[in-house]
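Below: the structure, in structure tokens.
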Amino acid sequence: MNVVIRGALISLAALYLYVAYLVTHPNVSAAYRDYYILKNTDLSIAERKKLPSLQPSRDYSHKDAAIGFDRWSGPEETHRWNDGKSARLLFRLEQAAVAQAPRQLGLRLMPHGTQRTRWRLNGTDLGERTLAAEAQLEFALVPGLLRTGENVLEIDMPDAHRPDSGDGRVLGLAFKSLRLE
């Protein structure tokens, strides 16, 4: 009888160790991990998949459903503020749009005070820019930087801070529009 109980305890311990391993090493996509496990994104996988594709040479505003706003507040009359020290803009492109090889990404932005910003597109560093007033930022796009499907523009804003008005958000940039040329 002792052997049976010992075997059952060892089997149960092995099962718990296996379950603990699976919990700490889930075999899921990065989007699933970000939204459901780490909770560091505002956009669910379904919302990301529903984004319509952008068309080059067209302006997309802060209210446009073709852009996924991750870590951004809701739209205001003329802009949308980020909320935190970093934010992301997600957009999709069809193969035909990528084949046109857009050479420039333009963004209309307004800073909350002077803001140093670091930009990455699909993990590739686009450089650092400082904004002190409303501006049109232009980024040159090398061939192969844009992808068919989802594209992610990441923005780090180390100077983002809470406004004196009692607003609880940490503001860095107000997004107004995006355009691919």
Most mobile listed residue (L12, L22, L145) in the chain, GNM with C-alpha springs under 10 Å: L12
Among the trypsin sites (Lys or Arg not before Pro) in region 48-126, which ones are in a DSSP loop with at most 15 other Cβ atoms within 10 Å of the Cβ? Mind listing them? R58, K63, K85, R103
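Relative contact order for the chain using alpha-carbon pairs under 8 Å, separation at least 6, rounded to a whole percent?
Dividing the mean separation by the residue count of the chain yields 25 percent.
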Only sites in a loop by DSSP and with at most 11 other Cβ atoms within 10 Å count here; which GluC sites (Glu not before Pro) in region 1-105 make the cut? E76, E77
Scaled to the compact-protein estimate 2.2 N^0.38 Å, what is the alpha-carbon radius of gyration of the chain, rounded to two decimal places? 1.37
List the lysines whose alpha-carbon lies under 23 Å from that of K85, not counting same-chain residues fewer than 8 positions away? K39, K63, K176
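Taken together, the values in this text are just the output of simple stated rules run on the coordinates, not laboratory data. Quick caveat: nothing in here was measured; it's all calculated off a predicted structure. Cβ: placed from backbone, ideal geometry, glycine included. Neighbour counts: every protein chain shown.
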